[in-house]
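This report refers to the structure that appears directly beneath it.
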Amino acid sequence: MASSISIRQFFVWVSKTIAYYAYPVWFGIFSSFGIGPSDSNGSFTIMGVADPQIEGNHKVEANGFFKGTVDLLGNDLYLRHLVQTNKFWGKPDAMVLLGDLVSFQHLDVTEFQNRIERLKRITGAATFNINEAAVSSPQVNEIPVWTVPGNHDVGYGYELSEAQTQKWNSSFGPLNWVTKVSVAGSPVRILGINSLALDNVQFYPEMASKFRSCNSLSCSGILPLSREAVDVWTFLYEQALQPQIPTILLTHIPFYKPAGACVDSPFISRSDNNRVRLQNHISFEATQHIFHLFPSIALILSGHDHMGCDYNHPNGVIEHTLPSVMGFFGGNIGFVELTLRGIPSFRRNLHAKFCNLLSILPFSVKDFVYSETKAFGPFLDMTFTRTFAGPSYIWWALHISTCVLTVLRLLLISLI
């Protein structure tokens, strides 16, 4: 009797662990084993990861070598499980890390590089530098991993400096960048920006009437207060002069939204020299300037607000603020799939069937599975899906219990 219970427990826990490695399927993320999208030119999928905040030496110093090292190892394994499992099932064409990649903005160069090397192992990236990735030969199954800086990487506006910029550039390339992809023959522009510098400026409302006909920073009514602010606004004006095609904007700080729209309300604190000390959202003025510059923006992906937020701006722009991937916030990852309008989406169909299958439950599946489809430009549709793996203690419990039960089962077999 004891033996049958032991066998049953063993297989139950092993089954749960195996199921945990297939959890993205429950959210409609299923493109492996030759099933799902196969035409790389007919669709384009971006996998988004926000705010991993990789810790390091400070954790070890605060908790002691053994406990600190085990905590860091466990967190790395948990994050690697989330990222690699979603990559395996979702087969994205690109991944974006939406800032706050490390936990502290004043790391020395050595510690910063150590944490970035760990982040490479977590994501499977050979390089994060968009310039290096463009000229290097991609490895088998390697996808580009794009990045934008967060306040824990380079600091808020008043902390931005040449040293912080150089530290970021050495691992990730430029703070502001652009790339283009083709989806079923339709071009899509992707902009990554240093949102920490956007509000390191003074705005002059009296020049608003001149702004609409202005095509350079010098006549925009914006007075930059730092070198980084000059860089990001000059970059935006240069890109605004390019042909307007459907655009995805990647930013760490979310765009302005009215109070109550998200967990974080609009808030900006400034230093004596008017540079940003803290902020929840990009200011209303900066948001409106960018929307005027880029009427072709169709989607914004942001981070920073660890609880996440999904919002339709009054001008029709969709913004998805991804909840944090950290275990405390549930291990969230987002997928954006672009497809030609009128062409059935495998993920949309699978998600719809899944929701219908679970419609007999006494609660709404939408409370746990978030997925929506909206128009993206004149020819494409966009499907956004969010997955979550649950707190990190679930990962610990499943793996530790499976290991313990495996050892006990082997001991039991040896005694029979």
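Estimated translational diffusion coefficient (Stokes-Einstein, Kirkwood radius over Cα pairs, 4 °C, 1.567 mPa s) of the range 222-322: 90 µm² per second. Summarising the overall dimensions of the range 187-281 from its C-alpha atoms, the Rg and Dmax are 14.4, 44 angstrom. Sequentially through the range 97-105, phi angles give Karplus couplings (6.51, -1.76, 1.60; θ = phi - 60°) of 9, 8, x, 6, 6, 10, 9, 8, 7 Hz, Gly and Pro residues having no value and appearing as x.
The alpha-carbon atoms of the range 36-111 define a convex hull whose volume equals 99 cubic angstrom per residue.
Each reported figure results from applying straightforward, stated rules to the coordinates on display, with no laboratory input. The structure presented is a predicted model; accordingly, all values stated were derived computationally and were not measured.
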